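Structure record follows, encoded as structure tokens.
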Amino acid sequence: MLGDLIIFEEESKRIDAALAKLLGEAKAKATFLIDKNGQLIASCGETQGMDMASLASLTAGNIAATGGLAQLIGEEEFSILFHEGVRDNLTSPLWQGR
């Protein structure tokens, strides 16, 4: 483990602005930034009443599992995950940070 993530105030403002911009452009209810270990870094939008810790952890696990599936069929990765429900949808753009 590389240690704890440190985000300075200026970086935090830039992250929040990017999430707010994405929220508007995507016409989403909420946007999140989650690290590969399942830690919530930032969120924006209608997040009240959500179990943010579980959402972050399950999202990271889902991305890891999807990466394994991609490798099994000879793909390096999949670029996006999409889950469609009756009322809401989840879209997870994947960025591996090379």
Query - Members of the stretch 6-42 that are under 16 Å from SER92 (Cβ atoms) and hydroxyl-bearing (Ser, Thr, Tyr) - result: THR31
**Report entry** Residue in the stretch 8-41 that is least open to solvent (accessible area, probe 1.4 Å), counting only those that are touching a helix residue (DSSP H, G or I) at 6+ places or on another chain (Cβ under 6 Å) and of a type in the set (Val, Ile, Thr)
**Finding:** THR31
Query raised in the report: Which members of the stretch 43-80 meet the condition of being of a type in the set (A, V, I, L, M) and over 15 Å from THR31 (Cβ atoms)?
Result: ALA53, LEU58, ALA60, ILE63, ALA64, ALA65, LEU69, ALA70, LEU72, ILE73
Query - Residue check, LEU40 at pLDDT 90 or above and under 9 Å from the mean Cα position of the chain (by Cα) - result: yes
Query - Residue that is surrounded by fewer than 14 Cβ atoms within 10 Å (Cβ to Cβ) and either under 17 Å from THR91 (Cβ atoms) or of a type in the set (A, V, I, L, M, F, W, C) (or both), where the choices are ALA60, ALA53 - result: ALA53
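The values are calculated or read from the model by the stated rules, or taken from the named source; none is laboratory data. A quick note: this is a predicted structure, and the numbers were derived from the prediction, not measured. Glycine gets a Cβ as well: all are built from the backbone with ideal geometry, and neighbour counts include every protein chain shown. The area values use the complete protein model at the heavy-atom level, side chains included, leaving out ligands, DNA and RNA. Shrake-Rupley method; radii C 1.70, N 1.55, O 1.52, S 1.80 Å.
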